[in-house]
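J.: This is the structure I have questions about; it appears just below.
The values are calculated or read from the model by the stated rules, or taken from the named source; none is laboratory data. All values reported here derive from a predicted model rather than from experimental measurement. Don't worry about glycine lacking a Cβ; one is built from the backbone with ideal geometry, like all the others, and counts go over all protein chains shown. Heads up: the accessible areas ignore ligands, DNA and RNA and are worked out on the full protein's heavy atoms, side chains in. Shrake-Rupley method; radii C 1.70, N 1.55, O 1.52, S 1.80 Å.
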Amino acid sequence: MEKFEVFRHDIDDISVLNIQGFLDAHTAPDFENELQKLLQEKRYKIIVNLDGLQYISSAGLGVFMGVIEDIRENKGDLKICNAGEKVFKVFDLLGFPSLYEFYPTEAETVEKFKAAD
Amino acid sequence: MAEFKGVVQTLAHSYTTPAQLAYAANRVVYSHTERKAFISAVVAKLDPANRFLTFARAGHPPIMYCSGDDRSPQNLMSAGIGIGLDSGDTFNRILEEKTVRLIPGASVVLYTDGVTEARNAKGEEFSEERLGGTPASTFARMRGEIRRGNQGTAYPIHYRFLWRNATS
């Protein structure tokens, strides 16, 4: 099985999940669990940093869809940053940039959250 | 897949354009599946008498268009998002319908990402780059590699690969 890891750090009321490796049907539950933990803690400003993500399958994409309504109903958002060219292509083909905000860097994404406060 | 095929076959009796059919399919899928489920599809209508192909791409890989001469295949793209990702407002606003006229001898190839993302025993993807050439050569290459399944170099995939040749 390919390796997948999630690292979390918080910047004030913003939580950043840095996901690395292969996000597929086998590893999607790990990512989903981390997102659910944030929702249980009522942290609804979430950044997913894809800097170390090498591969994402449809099961991985489904994790994003599974939580977004809950997040936005609570006046939060999930924004995505640092997608590599190959990974972004998967998101782009499915039209995710019409549904989520993508930014080139984590710092810029944090600024977008803070500017909206 | 089988359920979606049933949805499309049912709706196809009621809608005349690919975009209208896709709008309706999105409404059905969005309201009857869990939020993390979605489907990518190309809905296309071929008018063989006049050689027109009208299509709408809902988050699916592009259609490969081969003109029949020596030029490399072109990707036919149009704006669109996956079916079931949105209740309809964004889906309907973004989905774009396009029509191309096929010249005699041209072919169109529809394929799923099961083709391009298939991995062999070494972990190598089949990849978009290997879809080049004529549809016949691509298909032969894929079939050949699948046949070598017991030698560790095959791409053990579930895929849909459809090509249609326009006659003069």
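J.: Could you work out [θ]222 nm for chain A from helices alone, using -39500 (n - 2.57) per DSSP H run of at least four and dividing by all its residues? Round to the nearest 500 deg cm²/dmol.
T.: Per the formula, -13500 deg cm²/dmol.
J.: Follow-up. Select from region B:70-92 all residues whose loss of accessible area on going from the chain by itself to the full protein assembly reaches 50 Å² or more (probe 1.4 Å).
T.: Residues meeting the cut-off: B:85.
J.: Quick one: ranking B:116, B:33 by accessible area, 1.4 Å probe, largest first, what do you get?
T.: From most accessible down to least: B:33, B:116.
J.: While we're on this one: Leaving out ligands, DNA and RNA, and with a 1.4 Å probe, what % of the accessible surface on chain A is carbon or sulfur?
T.: 47 percent
J.: Per residue of region B:10-17, in order, report the coupling 6.51 cos²θ - 1.76 cosθ + 1.60 (Karplus, θ = phi - 60°) as ³J(HN,Hα) in whole Hz, putting x for Gly and Pro.
T.: 5, 5, 4, 6, 10, 10, 9, 10
J.: Tell me the angle of helix A:106-116 to the major Cα principal axis of chain A, expressed in degrees between 0 and 90 and rounded to the nearest ten.
T.: On a 0 to 90 degree scale, this one is about 40.
J.: Please figure out what share of the DSSP beta bridges in chain A is antiparallel and state it in percent, rounded to the nearest 5.
T.: Bridges in chain A that DSSP calls antiparallel: roughly 35 percent.
J.: Trypsin sites (Lys or Arg not before Pro), restricted to region A:1-103: which are DSSP loop and have at most 11 other Cβ atoms within 10 Å?
T.: A:3, A:42, A:75
J.: For chain A, what is the relative contact order in percent, using Cα pairs closer than 8 Å and at least 6 residues apart in sequence?
T.: Reported as a whole number, the value is 24 percent.
J.: To test your reading of the geometry: what angle, between 0 and 90 degrees and rounded to tens, separates the Cα axis of helix A:85-94 from the longest principal axis of chain A?
T.: Relative to chain A, helix A:85-94 is tipped by roughly 80 degrees.
J.: Pull up all non-local amide H partners of residue A:83: gap of 5 or more, or a different chain, and H-to-H distance under 5 Å with H placed in the peptide plane.
T.: The answer is A:50.
J.: So, for region A:4-110, what is the accessible surface per residue at a probe of 1.4 Å, expressed in square angstrom?
T.: Value returned for region A:4-110: 44 Å² of accessible area per residue.
J.: Moving on to the next point. Taking the alpha carbon gyration tensor of region A:1-68, what are the square roots of 5 times its eigenvalues, largest first, to the nearest whole Å? Numbers along the way, then the final one.
T.: Values: eigenvalues 78, 33, 17 Å².
For region A:1-68, the ellipsoid semi-axes come out as 20, 13, 9 Å.
J.: Determine the total buried accessible area between chain B and chain A, counting protein heavy atoms only with a 1.4 Å probe; round to the nearest 100 Å².
T.: Details: alone 9790 and 6450 Å², together 14740 Å².
Approximately 1500 Å² gets buried when B meets A.
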